[in-house]
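Trainee: Before I ask anything, let me first share the structure, which is written out below as structure tokens.
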């Protein structure tokens, strides 16, 4: 049996929940990783081996999330035409069936884990043997999708034998649409990756100076005004941003770069992140509160905890309230800055570091993957019962 894993990001994108889960599920079943063919990334129209147990296939998808606004507008316009959507589904089905023949997989006997609900029309066409919908983000908080995308999301829910969600908000969203139980399976961390001593990265500034770090994408959910206020409030502290900057945010970020204690280092591989966090003093999550962030269960919180550094976050989601024992949760700009000041004084160290690392170990990706695997087993049983 091969597991079909429909991801919403390419394998070579930032290493996140999809790759963590697929890698661990591949310890139990061979995995065919199916990713959107996004602009500017490598495309694999024929199946290609990633590891002994993971094969990657790219399928075309309307580029609604493209960084270029003109491409997003074009995608929105074209995708509104039902004939074009039908043609896309036909091409996806053709490529998927061809790939499955190449690797000896029967789609109708293979279960699917789906994190990309825009593949719902394809799933309705190919009918895998049991479907688990792992709902990981409120996609409608990213961009203003065409109306048909909401119908695809609803179709995805109807096609699913089992459903999981990463946050209580997402869980509630789906429960309003279906009587199918929705299992809460939050994000996690590869805790062992943070347990090994590492060498301080050469591009981290001023060894011996406190470092406040943010790891992740800088996009419309990132509070750049708060960043500027924090950089000004702590002139003797290095503030490091690690991750890609969305083009829509670059113009606002540019004037903040004039502060010499702000260091925008860009993208680093997932394997490099533990070394940066091991050398940091405080980890921050300066998110704005909006529809997208209200549903976020932040991976970076678990990563900061695994590194044993204090976490300071804005109160962007009600779900964070249960994590007061792990992170400072600030409801105002002044409170955020005050919490950063307290965290800098406290710094990484015993007993806080041990408590944070214990939290990370109990939220390891291995446990999350086991929970998803149990849903796959349940979906298979449901499918066989209905045959």
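Bear in mind that the values in this text are calculations on the coordinates, not laboratory data. Given the structure is predicted, the values throughout are model-derived calculations rather than measurements. In this analysis, Cβ positions are derived from the backbone assuming ideal geometry, glycine residues included, and neighbour counts consider all displayed protein chains.
Trainee: Can you check what the Kirkwood hydrodynamic radius comes to for region 293-378, Cα pairs only, in Å to one decimal?
Mentor: Value: 14.0 Å, from the Cα pair sum.
Trainee: Another question, if that's okay. I want the antiparallel fraction of DSSP beta bridges within the chain, as a percent rounded to 5.
Mentor: Within the chain, antiparallel bridges account for around 10 percent of the total.
Trainee: So how far apart, in nm, are the two label points at residue 333 and residue 207 if each is 7 Å from Cα heading toward Cβ?
Mentor: Going from the residue 333 label point to the residue 207 one covers 3.7 nm.
Trainee: Which residues in region 157-176 have a backbone N closer than 20 Å to a point placed 7 Å from the Cα of residue 322 along the Cα-to-Cβ line?
Mentor: Answer for region 157-176: 163-176.
Trainee: Express the relative contact order of region 1-147 as a whole percentage, based on alpha carbon pairs under 8 Å and six or more residues apart in sequence.
Mentor: With pairs under 8 Å counted, the relative contact order is 24 percent.
Trainee: Put a dot 7 Å past each Cα toward the Cβ at residue 271 and residue 71; how far apart are the dots in nm?
Mentor: Placing both labels 7 Å beyond Cα along the Cβ direction yields 2.7 nm.
Trainee: Still on this structure, I have one more. Go through 105-111, 263-269 and give me the packing order, highest mean Cβ count within 10 Å leading.
Mentor: My ranking of the peptides, most packed first, is 105-111, 263-269.
Trainee: Further, regarding this structure: Debye sum, Cα scatterers, region 134-290, no solvent: what log₁₀ I/I(0) at q = 0.16, 0.20, 0.21 1/Å?
Mentor: Listed by q, the Debye log ratios stand at -0.99, -1.22, -1.29.
Trainee: Separate question: Order by neighbour count: 318, 137, fewest other Cβ atoms within 10 Å first, most last.
Mentor: The most exposed by this proxy come first: 318, 137.
Trainee: If we restrict to alpha carbons, what Rg and Dmax does the chain come to, in Å?
Mentor: Cα-based Rg and Dmax for the chain come out at 21.4, 66 Å.
Trainee: What distance in nm lies between label points placed 7 Å from Cα along the C-beta direction at residue 27 and residue 196?
Mentor: With each label point 7 Å from Cα toward Cβ, the separation is 1.6 nm.
Trainee: Between residue 108 and residue 355, what FRET efficiency follows from the Cβ-Cβ distance if R0 is 35 Å, with the result rounded to 0.05?
Mentor: 0.10
Trainee: Additional query: For region 1-55, state the average projected area of the convex hull of the C-alpha atoms over all orientations, rounded to one decimal in nm².
Mentor: 3.6 nm²
Trainee: Quick check on region 89-182: what does the Kirkwood estimate of hydrodynamic radius come out to from the alpha carbon pairs, in Å?
Mentor: Taking the inverse mean of 1/r over all distinct Cα pairs, region 89-182 comes out at 14.0 Å.
Trainee: Alpha carbons only, please: Rg and Dmax for region 21-134, in angstrom.
Mentor: 14.6, 43
Trainee: Quickly estimate the mean residue ellipticity at 222 nm for the chain, helices only: each DSSP H run with n ≥ 4 gives -39500 (n - 2.57), and the total goes over all residues, rounded to 500.
Mentor: That comes out to -12000 deg cm²/dmol.
Trainee: Sticking with this one: When a footprinting reagent is the concern and you count Cβ atoms within 10 Å, what order do 153, 90 take, fewest first?
Mentor: Ordered by Cβ neighbours within 10 Å, fewest first: 90, 153.
Trainee: How large is the translational diffusion coefficient of region 234-387 in µm² per second when you combine the Kirkwood radius over alpha carbon pairs with Stokes-Einstein at 4 °C and 1.567 mPa s?
Mentor: Calculated translational D: 73 µm²/s.
Trainee: Highest mean first, what order results for 275-281, 26-32 on Cβ atoms within 10 Å?
Mentor: The densest-packed peptide leads the list: 275-281, 26-32.
Trainee: Using the alpha carbons of region 30-87, what is the convex hull volume per residue in cubic angstrom, as a whole number?
Mentor: That works out to 85 Å³ per residue.
Trainee: Quote the relative contact order of region 64-208 in percent (integer), defining contacts as alpha-carbon pairs under 8 Å separated by 6+ residues.
Mentor: Relative contact order, region 64-208: 17 percent.
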